[in-house]
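A short worksheet on the structure shown next.
The values are calculated or read from the model by the stated rules, or taken from the named source; none is laboratory data. Since this is a predicted model, take the numbers as computed values, not measurements. Cβ placement follows ideal geometry from the backbone for every residue including glycine, while neighbour counts extend to all protein chains displayed. Accessible surface areas use protein heavy atoms only, side chains included; no ligands, DNA or RNA. Shrake-Rupley method; radii C 1.70, N 1.55, O 1.52, S 1.80 Å.
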Amino acid sequence: MLRYLLIRALSLSLSLIVASVVIFAVIEVIPGDPATYMLGLNATDETLAALRDELGLGGSALSRYFDWIGGMLTGDFGTSYTYRVPVAELVLDRLQVSLPLAAMALALSTLIAFPIGILAASNRGGVVDYGIMGATQLGIAIPNFWFAMLLVLLFAVTLQWFSAGGFPGWDNPFLALKSLTLPAIALALPQASILARVMRSALLETFSQDYMRTARAKGLSRGQAIRRHALRNALIPVLTIIGLQFSFLLAGAIIIENVFFLPGLGRLIFQGITQRDLIVVESVTMLLVFSVILVTFLVDITYALVDPRLRRR
Amino acid sequence: MIALDRLSLSIHGQPILRDVSLDIAPGEIFGLVGESGSGKSMTALALMGLLPTGAATTGRASLDGTDLLSLSEPALCRLRGNEIGMIFQEPMTALNPVQTIGAQVAETLTIHGKADATEARAIARDRLDRVGLKHIPMDRYPHELSGGQRQRVCIAAAIALHPRLLIADEPTTALDVTTQAQILDLLRDIVADEGMSLLLITHDLAVVADMADRIAVMQTGEIVETGPTKTVLARQDHPYTRALFAASSHQPDRATYPDPAPLLAVENVTRSYPGPRQGFRRSPPLHAVDGVSFALHEGESLGLVGESGCGKSTLTRAILGLDPIQGGAIRLNGTPVTPQMPRAARADIQVVFQDPYGSFNPRWRVERLIAEPFHLLPDPPRGGDRRDRVAEALTAVHLSPDDMHKYPHEFSGGQRQRIAIARALITRPKLLVLDEAVSALDVSVRARILDLLAELQGEFHLSYLFISHDLTVVRAITDRVLVMQSGKIVEEGATEAVFTAPTHPYTRTLLKAAPRLPDHIGGSHDTLV
């Protein structure tokens with residue numbers, strides 16, 4: 001088990017190094033002069049020189065890379081050119097929205113997907129199964145921004161239970177959670193649909209396994225056999241999808257954040273790109289890569305907890 | 001105690017069982033024998049109330065007068081594992097891989113509310129001890145155990161509540177002969193100790209001949225003959241019983257004239273694997289094949305027997321030139337056999353594997369499947385030529401040339417094995433490696449394939465390397481035999497001599513463990529093994 005953990009940790013660090021080199025190269029080295037890119041064609045020589053100075057573009061690419069990495073390791077992500085505040089501060093601010101939003105959406109998606117996936121699998125070929133499969137098909141097909149607008153129309157405009165957008169901050173946790181509820185639902189719908197389908201097919205796979213027959217021969221009812229033997233075996237593919245979904249939810253909520261006027265990470269990176277704020281783009285990208293790799297690492301560890309056969313490797 | 005009275009079963013309208021009647025007395029071992037598809041497993045599942053969806057039954061299946069077929073599902077759940085326990089064929093997959101063995105045995109007790117968690121663990125420990133797993137801790141997972149040990153865990157779970165009937169569906173088919181003998185001994189002991197009845201389902205007449213008090217022979221959903229084991233085997237009233245008996249000990253007519261020229265020379269071959277990891281270090285390397293030498297002559301049929309893990313598969317892969325060897329040399333016709341050997345040289349050696357279902361691409365037609373080894377030839381036949389060669393190969397294995405336009409799923413297991421042989425013959429090889437090639441087949445099909453192999457050997461002057469754990473088959477088809485144990489050849493000699501007067505203790509153990517059909521019956525054939 002210790003060996004498994006160390007190998008996973010090593011692979012995590014290597015992935016991070018490779019990713020940082022690629023991001024640095026794509027943003028700072030390949031396009032040529034970042035300062036020209038940021039200021040556009042009409043910039044004067046003086047402003048360009050001033051920006052280069054500010055960005056620390058004086059040294060070689062190698063020394064700039066190590067400066068960048070060293071800064072990030074100590075929590076210094078540079079200063080945003082457009083906002084004129086440290087990127088770390090910006091990101092921390094945005095994470096207060098994005099992290100809870102992603103967590104809520106993921107929790108919702110899992111809470112919905114597990115029971116309906118199990119229900120569909122246990123009623124394979126029946127009316128319930130067809131109903132659930134049809135509904136999840138729809139859930140995947142409906143664009144989530146459109147679904148988000150329907151939610152706003154119903155719950156914010158007509159019923160007036162929720163506000164139509166904006167984020168009041170965490171001073172009042174109840175209000176904060178309330179404002180994240182509709183966006184989380186909108187984000188969770190397609191995720192839950194996908195997850196439910198994965199759950200269903202993973203379970204069906206286990207139903208034909210010999211150990212399920214053994215369980216029934218011991219006197220377990222069908223439901224007991226599913227709960228006690230099938231579920232944990234079906235968890236591996238489901239965990240993989242959950243890991244991917246969390247990574248996606250963290251940064252992929254741009255459209256939903258726009259629909260609900262939420263100051264999240266997705267919007268930050270989007271604004272960074274449109275305003276050519278390379279410092280923001282570079283650091284936030286790196287941060288997202290880090291979170292994706294970290295989640296993958298956590299999923300790997302969970303695999304080993306679920307399946308004893310992996311602990312031996 | 002258990003009585004089936006004119007039980008008929010159909011699944012989605014397709015008749016599976018017809019008027020099956022049998023009685024099992026308390027403490028009795030009842031053998032149910034038949035080939036695949038004869039309905040023997042379905043009979044057991046009907047008793048357990050575990051029939052697949054779409055099943056419709058008529059007749060009665062009763063346990064002490066209670067009609068099992070009319071019981072509600074909750075009542076059946078109370079019965080399963082409690083009154084009737086069951087074990088299955090594949091111990092490797094019969095246990096939940098993510099749960100400890102202790103938990104899986106204890107579950108039988110807790111699920112029926114017969115013990116709380118602590119008591120259940122204690123009883124589970126006791127039951128595991130009873131099945132000979134005293135030395136195995138309860139917190140082991142199935143993958144840490146061997147096949148035989150896993151089957152013991154299944155038995156422990158099945159007998160945890162002292163059921164009155166234990167159903168064992170091909171409990172030893174997937175196991176080695178020595179393990180099989182141990183498991184059968186264990187079952188016999190337990191049945192005697194606990195006074196339970198045993199319904200032993202098998203395709204292997206020799207297994208029930210040794211074990212059962214009474215047997216029933218099944219064919220296509222019907223019991224064709226039943227009675228005390230000795231009487232049934234001695235009288236063989238029904239033609240099917242006779243056919244089954246003859247097929248079990250079938251000896252193909254072979255006329256081989258071993259040519260003194262060695263075709264395959266294996267000299268002091270060694271193949272080792274890195275040892276398993278222990279923390280950050282590795283234990284010493286495993287010598288899967290350890291200094292093996294032998295020669296195979298033209299036109300000769302050589303058997304290689306040994307139990308799983310003895311190294312015969314590793315040796316086979318090396319002989320086929322699939323894996324590198326670490327020491328020694330393998331020569332075919334004087335040319336070294338290595339993974340880098342020229343393709344054309346590979347055409348001289350072809351292989352037939354065990355599983356006639358898994359070894360074909362299901363989306364290819366038979367013509368393409370059989371013609372595939374042609375890519376080994378520097379100048380493969382094309383168009384009409386190619387089709388003629390495929391037709392020729394199909395004819396050689398007694399299939400029709402028209403079959404080349406079909407897909408593999410349109411054939412039975414035996415026919416698929418014929419296709420596999422045709423594929424192996426297409427390059428006109430000198431040596432055919434038969435890796436458990438008849439092990440997955442029913443006895444009657446197996447007998448016909450053995451006849452075919454004997455015939456082809458005469459016709460094409462083929463040499464066979466026949467790898468099997470099944471001693472009966474090896475005795476029937478080989479001239480010489482090698483016995484392999486932990487990577488080494490421990491005995492070598494003419495097949496008859498080795499089987500009648502084995503010199504190495506391991507060979508004696510193997511022969512002793514193999515179940516046998518009684519000597520004084522069985523028609524004109526001498527009993528094998």
Quick tally, 1.4 Å probe accessible area for A:MET133, B:MET218, A:MET149, sorted with the most first, runs A:MET149, A:MET133, B:MET218
Any idea which of A:PRO183, A:THR110, A:GLY40 is furthest toward the positive side of the dipole for chain A, if Lys and Arg beta-carbons carry +1 and Asp and Glu beta-carbons -1?
A:THR110
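Averaged over every viewing direction, what's the projected area of the C-alpha convex hull for segment B:36-178? Give it in nm², one decimal, please. Before the final figure, lay out the partial values.
Working: hull surface 38.7 nm².
About 9.7 nm², averaged over all directions.
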Note to self: Kirkwood Rh of segment A:135-191, Cα pairs, one decimal, Å, is 11.9
Charged-residue dipole, Cβ positions (Lys, Arg, Asp, Glu), the protein assembly as shown about Cα centre, Debye nearest 20
800
Take A:LEU298 and B:ARG282, extend 7 Å from each Cα along the Cα→Cβ direction, and tell me the distance between the two endpoints in nm.
3.6
Additional length obtainable on full extension of the chain from A:VAL128 to A:THR158, 0.36 nm per residue less Cα span:
7.6 nm
Using a 1.4 Å probe on the protein heavy atoms only, what accessible surface does A:ILE273 show? Give it in Å² to the nearest 10.
100
Quick note, chain B: a/c under 1.5 would make it rounded; otherwise a/b > b/c is prolate and the rest oblate (a ≥ b ≥ c, C-alpha gyration tensor); here it is prolate
Per-residue mean of C-beta atoms belonging to partner chains within 10 Å, peptide A:3-9:
1
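Charges only on Cβ, +1 for Lys and Arg, -1 for Asp and Glu: so what's the dipole of segment A:175-313 about the Cα centre, in debye to the nearest 20?
The calculation lands at about 960 debye.
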Cα→Cβ-extended label distance, 7 Å offset, between A:LEU177 and B:HIS375, nm
6.1
Give me the 1.4 Å probe accessible area per residue for segment B:1-147, excluding ligands and nucleic acids, in Å².
40
Measuring from label point to label point, each 7 Å out along Cα→Cβ, what is the A:ILE254 to A:ALA9 span in nm?
3.6
Between segment B:49-82 and segment A:25-97, what's the alpha-carbon centroid distance in Å?
75
One finds, for B:ASP5 and B:SER36 with R0 = 30 angstrom and r their Cβ-Cβ distance, a FRET efficiency to the nearest 0.05 of 0.70
Per-pair calculated FRET efficiency, R0 = 45 Å: B:ALA329 and B:GLU392 via Cβ, rounded to 0.05
0.80
Mind jotting down a quarter of the surface of the convex hull over the alpha carbons of segment B:2-248, in square nanometres, one decimal?
13.0
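At 222 nm, what helix-only mean residue ellipticity would chain B give, in deg cm²/dmol to the nearest 500, using -39500 (n - 2.57) for each DSSP H run of four or more?
-10000 deg cm²/dmol
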Could you pull out the longest piece of chain B with no exposed loop chymotrypsin sites (Phe, Trp or Tyr not before Pro) in it, calling a site exposed if DSSP puts it outside H, G, I, E, B and it has at most 15 other Cβ atoms within 10 Å?
B:1-279
Can you give me the accessible area per residue for segment A:90-311, using a 1.4 Å probe, in Å²?
44
Gain upon complete extension [A:GLU54, A:VAL85; 0.36 nm per residue less C-alpha separation]
9.8 nm
Relative to a virtual label point 7 Å from the Cα of A:SER201 in the Cα→beta-carbon direction, which members of segment A:118-134 show backbone nitrogen distances below 19 Å?
A:118-126, A:129-134
Heavy atoms of the protein only, probe of 1.4 Å, neighbouring chains included. What is the accessible area of A:VAL22 in Å², nearest 10?
80
At R0 = 56 Å, FRET efficiency that the Cβ-Cβ distance of B:THR509 and A:ALA103 yields, to 0.05:
0.35
Please give the total accessible area that chains B and A bury against each other, computed with a 1.4 Å probe and expressed in Å² to the nearest 100.
2500
Using Stokes-Einstein with the Kirkwood hydrodynamic radius over Cα pairs, what translational diffusion coefficient do you get for the protein assembly as shown at 25 °C and a viscosity of 0.890 mPa s, in µm²/s rounded to a whole number?
76
Portion, in percent, of the accessible area of the protein assembly as shown that falls on carbon or sulfur, probe 1.4 Å
58
Which loop-located trypsin sites (Lys or Arg not before Pro) does segment B:331-421 contain, where loop means any DSSP state but H, G, I, E or B and the Cβ has at most 13 other Cβ atoms within 10 Å?
B:ARG363, B:ARG382
Which residues does a label at B:ALA265 reach in segment B:304-345, if reach means a backbone N under 13 Å from a point 7 Å past the Cα toward the Cβ?
B:329-337
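For chain A, what is one quarter of the convex hull surface built on the Cα atoms, given in nm²?
Average of the hull's projected areas for chain A equals 21.0 nm².
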For B:89-102, mean number of other protein chain Cβ atoms within 10 Å
5
Please give the residues of segment B:355-374, grouped as numeric ranges, whose backbone N is less than 20 Å from a label point set 7 Å along the Cα-to-Cβ vector of B:GLU410.
B:356-372
For segment B:429-449 and segment A:239-313, what is the centre-to-centre distance using only Cα atoms, to the nearest Å?
55
